[in-house]
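Chemist: The structure's right below; bear with me while I get my questions together.
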Amino acid sequence: MQSILLLLSVIFFAVGPMTYIISSLKGNTKPHRMTRFILAFVLTLNFISILASKGNLGAEVFAGVNCLQGLVIFGLSLWRGMGGKSIFDWACLGIAMIGIIGWKLSGDPIIGVWFSVFADIVAYLPAFVKTYHHPKTESPWYYLFAGLSALSSLVAYKLEAVSIFQIYIILCCGIMICLIYRTSLLKRIK
């Protein structure tokens, strides 16, 4: 069962960003520039760290593909995205950088994961605000597949301290999906 869950996680992980990239190219999705810049930076730093620590080939490939997807989506955000210029966006960049610095300086892998989650949460704040005001500028498929990928990998193993990253991804994706469908959900409630 564990192998099946991990395979599902990888499939969802691969499909999600492709749906986002295609939707962005079509002009349906408009990624938030600052969010995508911070995430691309974190993913690149993660990839370089794994290469420098001579991680296993699987970790290097996974981090490399994740980094490439992050850079492509950031590039698309420059062309097809929105936001990234407000004081709030720049404040989030500054706060996220504190998390990134803490992650790199911690020396403790568990504390590093917590700092990484902190930086990611702050990176997503501008996207949350943008999606609240413009829900049709985001692709629910990306967040559905990312959430399912994290959930599959979370269920495959017992909960540990590092599971916080998968839990964070699931919550973040859930928030984005709720924001995307907020107006539809509110109409159904009324």
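Please treat every number below as a calculation from the coordinates, not as lab data. If you're wondering where the values come from, they're calculated on a predicted model, not measured in any experiment. Cβ placement follows ideal geometry from the backbone for every residue including glycine, while neighbour counts extend to all protein chains displayed.
Chemist: Stretched out fully, how many nm does the piece from residue 60 to residue 6 gain, at 0.36 nm a residue minus the Cα gap? Walk me through the numbers on the way to the answer.
Modeler: Details: separation 54, 0.36 × 54 = 19.44 nm, distance 1.68 nm.
Here the answer is 17.8 nm.
Chemist: Separate question: Which three extents, in whole angstrom, do the alpha-carbon atoms of segment 89-157 cover along their principal axes, largest first?
Modeler: Taking max minus min along each principal axis of the Cα atoms, segment 89-157 gives 41, 37, 11 Å.
Chemist: Name the shape class, rounded, prolate or oblate, that the alpha-carbon gyration tensor gives for segment 36-91, where a ≥ b ≥ c are the square roots of its eigenvalues, rounded holds for a/c under 1.5, and otherwise prolate holds if a/b is larger than b/c and oblate otherwise.
Modeler: On the way: a/c = 5.06, a/b = 2.13, b/c = 2.38.
Note, shape of segment 36-91 comes out oblate.
Chemist: Of 169, 126, 114, whose Cα points farthest to the positive end of the dipole of the chain (charges on the beta-carbon: +1 Lys, Arg; -1 Asp, Glu; origin at the Cα centre)?
Modeler: So the residue furthest toward the plus end is 126.
Chemist: Turning to a different aspect of this structure: Going through the cross-link list 54/104; 136/187; 130/187; 85/136; 26/130; 30/104, which pairs have a Cα-Cα distance over 27 Å in this structure?
Modeler: Numbers: 54/104 16 Å; 136/187 16 Å; 130/187 20 Å; 85/136 20 Å; 26/130 19 Å; 30/104 31 Å.
Exceeds cut-off: 30/104.
Chemist: Something else: Let me make sure I get this right: for segment 1-80, a, b and c are the square roots of the gyration tensor eigenvalues over alpha carbons, sorted descending. Under 1.5 in a/c it's rounded, otherwise prolate if a/b > b/c, else oblate. Which is it? Don't skip to the answer; put the middle values down first.
Modeler: Numbers: a/c = 3.12, a/b = 1.33, b/c = 2.34.
In terms of gyration-tensor shape, oblate.
Chemist: Could you state the principal axis extents of the C-alpha atoms in the chain, from the largest down, to the nearest angstrom?
Modeler: Over the chain, Cα extents along the principal axes are 49, 41, 30 Å.
Chemist: Between segment 90-138 and segment 1-46, what is the C-alpha centre distance in whole Å?
Modeler: For segment 90-138 versus segment 1-46, the Cα centre distance is 16 Å.
Chemist: Hey, another quick one. Please give the length that would be gained between residue 68 and residue 136 if that part of the chain were fully extended, namely 0.36 nm times their separation in residues minus their C-alpha to C-alpha distance (nm, one decimal). Intermediate results must be reported in sequence, preceding the final value.
Modeler: Details: separation 68, 0.36 × 68 = 24.48 nm, distance 2.53 nm.
Full extension from residue 68 to residue 136 adds 22.0 nm.
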